[in-house]
Structure formats: C-alpha cells, structure tokens
Amino acid sequence: MLAVVVLVAIIIVAVLGIGIVVSMMMMSQKRTQSDIETLSLQMATGINKDDWVGQMNSMTEYSRELVFSSRSALNEAIAHHQRMRPLALQLMDEARQSAELIESERRELTVLIMKDLQKQSNDVADAASSKPGMRLPGVSADATQLKNVDAGYIDGVLTNLTSAEGLPDLREYDQQEKYITQKSFVYLPNINAKLPAPDDDLNFSFCSLPAAAKNTVAPARLTSNSVFKKLMTAGPEAGNDFTKCKFLPSAVQIVSSTKVSSGNQLSAPMSVSITAASPGATTRLP
C-alpha cells in the first residue's frame, strides 16, 4: 500500500514538474514574442524616419524625368535650333550630374540605414548578454538572444511613384520596358529603371514603399513572415558589405531564440520570428 502511495506521489510530482516546464516555456515564448514585436516595430519605423526612403524614391524619379526631358530638348535643339545647342548641352550635363549625385546619396542612405539596424541589433545583443533570465525552482529561461536581423521588403508592395502624365513618351517607354503597371502606371518595386541610350549608363533604382492613400500614410506594422523578401542581413555583427545592398529596405525581420531548461534533463530553444514593415511615404514633396 505504501509503495502505491509513493508511486502516486512520484507521478504527481512528475506531472507537476512537466506542467511547470511547459508553463515556463509558454511564458518565455510570450515574453520573447512581445519583446521582439516591439523591437521590430521600432527598427521598421527607423528605416523610413522622416520619410527618408519615400523622398529618396521621389528624388530619383524626378531626376530620371529631368534627364529624359533634357535629352529630348537637346535632340530638338540639334535638329531645329542650333543656336540653342550650347545651352541644351549644358542643361543635359547638369541633369546627368544631378542623377549621379542622387544615386550616390541613395547608396549612402542605404548604408546608413543598414548600419543603424546593425547598431540597434548589437545594442540589444549586448544588453541581453548581461540581462538575467527567468528562474524558478528546477526551471530556467535564458535571456532572449537575437539570431538574425534581416533588412528587406514586403512582397507585392509597389513603389510610391507614378509615371509622369506630362511625359507621354517616357510613360510609353516605361510600359514597353514593363517598369510600370499597365493600368495605374505605378512603378514596380526594386527595379533599376534604365533610360534609353545614351543615358542607359545612369542608374535609377526604386524601392518598394506604399504611397499615401487620400493623405493617409501607412503606419509601421507587423506582417506575415511569409511575405518578407530579404535584401541583406543587418546584424547582429553582420560581416556584410552594406554598399552591396542594391535597394533601400522597407521592412525588417528579426529571428530570436530563448533557451528554456529544466535541470540537466530537459533543454529546448524557443525560436520567434517577427516581420515588420516601415511606414509608407508621405504626400509632401522633398
């Protein structure tokens, strides 16, 4: 009889122990998910801080239109107005120089955003290394560790740019090259919208970013992991050359892990992956 009582007691203790471990794992996962959601929204908001990405997209488009119209004016001057040729050449050179400058600034902004994401990742990783985890008798959960912070964009989101109605030749060219949608004339995301020769040596890179709808700007928001498209890993301590990131990011995905242990008998990592999109573009001009 005593043996039965002891056996029942052991079973009860074992069930309670398993229940505590499971409860601890669930609590740890919820805490981790909440922390990572907050962090991902914070990082995503910083990507398009003060509409940097939206304005860079717009400036790239304006520069492209200026080069195209300057080339058209130069061709017209050569064909019919030779006296205007020197002025048209000067304007053409200035338009090309401005395009090169804006492309240089776009690359610098890309690196700046990636470095900022990396710094935030490293700061969180450093804080986690000195942060105590959760402890209960026989059960423990380590502090959350960041595994990856990836910069990218959301699949299916177009740009905040529309082909200029006042430049029908450019719009027709964009349609032929499939740079824009056929009905709304919105530029497709993550493309290098090259112009015809001899200006095809210039780069005009547009990134994915939602446009404002009726003066309403899309806020930073959590979204499904399945729609995230990676451009480059930002951290923590990523060894990537950020100058090789082809397009400006507009979303971030964070993967974290928390180790939950029960003595030496049970140890399991709890992984959490969260994706957040940056705020959309505003309606104001740069």
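List, please: which pairs have Cβ atoms under 8 Å, are six or more places apart or on different chains, and start with a residue in segment 157-171 that is under 13 Å from residue 181 (Cβ atoms) and end with one that is at pLDDT 95 or above and of a type in the set (Asp, Glu)?
161/61; 163/174
Return the residues of segment 45-94 that are buried (at least 18 other Cβ atoms within 10 Å of the Cβ) and among the basic types (Lys, Arg); say none if nothing qualifies.
Of everything in segment 45-94, those that are buried (at least 18 other Cβ atoms within 10 Å of the Cβ) and among the basic types (Lys, Arg) turn out to be 64, 71.
Restricting the first residue to segment 53-78 and requiring it to be free of Cβ contacts under 8 Å to residues at least 40 places away in the same chain, which pairs with a second residue that is surrounded by 19 or more Cβ atoms within 10 Å (Cβ to Cβ) and part of a helix (DSSP H, G or I) meet a Cβ separation below 6 Å and a spacing of at least six or different chains?
That search, which allows pairs on different chains as well, returns 66/95; 70/92; 70/95; 73/88; 74/88; 74/92; 77/88.
May I ask you to list the residues in segment 207-232 that are closer than 18 Å to residue 57 by Cβ and among the aliphatic types (A, V, I, L, M)?
Result: 209, 211, 212, 213, 217, 218, 220, 231.
Condition (residue is at pLDDT 95 or above, closer than 24 Å to residue 242 by Cα and not polar (S, T, N, Q)) applied to segment 182-189: is it met by at least one residue?
yes
Report yes if some residue within segment 136-155 is among the aliphatic types (A, V, I, L, M) and at pLDDT 95 or above; otherwise report no. Walk me through it before giving the result.
Start the filter on segment 136-155 by keeping residues that are among the aliphatic types (A, V, I, L, M), which leaves 136, 139, 141, 143, 146, 149, 151, 154.
In the following step, the residues that additionally are at pLDDT 95 or above were identified as 151, 154.
Checked against the condition, which is being among the aliphatic types (A, V, I, L, M) and at pLDDT 95 or above, segment 136-155 yields at least one hit.
Working only within segment 199-211, note down all residues that are free of Cβ contacts under 8 Å to residues at least 60 places away in the same chain and surrounded by fewer than 20 Cβ atoms within 10 Å (Cβ to Cβ). Talk me through it step by step, then tell me what you get.
At the first step, the residues of segment 199-211 found to be free of Cβ contacts under 8 Å to residues at least 60 places away in the same chain are 200-201, 208.
Across segment 199-211, the qualifying residues are 200, 201.
In the set 83, 64, which member is within 22 Å of residue 191 (Cβ to Cβ) and not hydrophobic (A, V, I, L, M, F, W, C)?
Numbers: 83 fails: within 22 Å of residue 191 (Cβ to Cβ).
Going through 83, 64 in turn, just one is within 22 Å of residue 191 (Cβ to Cβ) and not hydrophobic (A, V, I, L, M, F, W, C): 64.
Kindly evaluate residue 38 against the criterion of being in a helix (DSSP H, G or I), surrounded by fewer than 21 Cβ atoms within 10 Å (Cβ to Cβ) and either within 20 Å of the chain's Cα centre (by Cα) or modelled with pLDDT under 90 (or both). Even if it seems obvious, please write down each step before you answer.
Details: in a helix (DSSP H, G or I): yes; surrounded by fewer than 21 Cβ atoms within 10 Å (Cβ to Cβ): yes; either within 20 Å of the chain's Cα centre (by Cα) or modelled with pLDDT under 90 (or both): yes.
In short, yes.
The values are calculated or read from the model by the stated rules, or taken from the named source; none is laboratory data. No experiment lies behind these values; they were computed from the predicted model shown. Cβ sites come from the backbone with ideal geometry, for glycine too, and all protein chains shown count toward neighbours.
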